[in-house]
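Take a look at the structure set out below.
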Amino acid sequence: MGKAEALRKLKRWAKMAKGQAKQELEQVVKAFDKKKTTLVLLSGGVNSAALLWAYSDVAALFVNYGQPAAKQEYDAAKALCDLRGCKLRAVSVALPLANMANEAGEAGPRVVPGRNAVFLSLGFAYAAEMRCSAVAIGSHAGDWSDYPDCRPGFMSIFAWIGNSTYGVDIKAPAFNREAALLSLEKAGAAGLTWSCYAPKAGKPCGGCDSCKQTCSLT
């Protein structure tokens, strides 16, 4: 019996069942019918871009939250998805950006409170709609000191929420940036990424933390 035929039978039994048995069969159908696609939260930067090549079946979600480099990030995300041959969805939200107000070229973290919580919540919503099995978010160990919502404890809480509520896993590998860049170079994608927080005249500022981290790899 093939998967399609088995799924049709499960759906038919779920319609005929009652009570607890019906609920359990509906849960089995939902899990069985889910694609093995991983939805990548894609900013266009090195870490999230590497995720596109880390899994065999991917789609991507780009979030415009009013960040100074939104256009450059989206253009990078689109170019990466075009190269990977995967679907890209884009959504806009409003987040408090006081900590993004540093001048272009100024060093220091750009902490946006709740950013990854919002990103992962949106990821769950779109993963459920697209029947994806997991949401992937790019982070690396160097982020943990400045960005609390990149730490393993934060990710484990959201992993529990995703699994218990939506049946969606979280994939949050603690990337080594050198390894991430190497994987992009092998895919011919390293030149498509964008990592600057606050561009100057549409170009990387060269002085923010993200620019410095990226330059240190090249």
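On the basis of the beta-carbon distance and an R0 of 22 Å, Val91 and Tyr166 show a calculated FRET efficiency of 0.85.
In sequence order, region 53-60 has phi-based couplings of 9, 7, 10, 6, 10, 9, 9, 9 Hz under the Karplus curve 6.51 cos²θ - 1.76 cosθ + 1.60, θ = phi - 60°, and Gly or Pro positions carry x. Of Tyr55, Tyr74, Tyr197, the sequence from fewest to most neighbouring Cβ atoms within 10 angstrom is Tyr55, Tyr74, Tyr197.
With neighbour counts taken as other beta-carbon atoms within 10 Å, the residues Trp160, Trp53 rank, fewest first, as Trp160, Trp53.
Read-outs throughout are calculated quantities, based only on the coordinates presented, and are distinct from any laboratory measurement. Not measured: the values here are computed from a predicted model. Cβ atoms come from the backbone with ideal geometry, glycine included; neighbour counts cover every protein chain shown.
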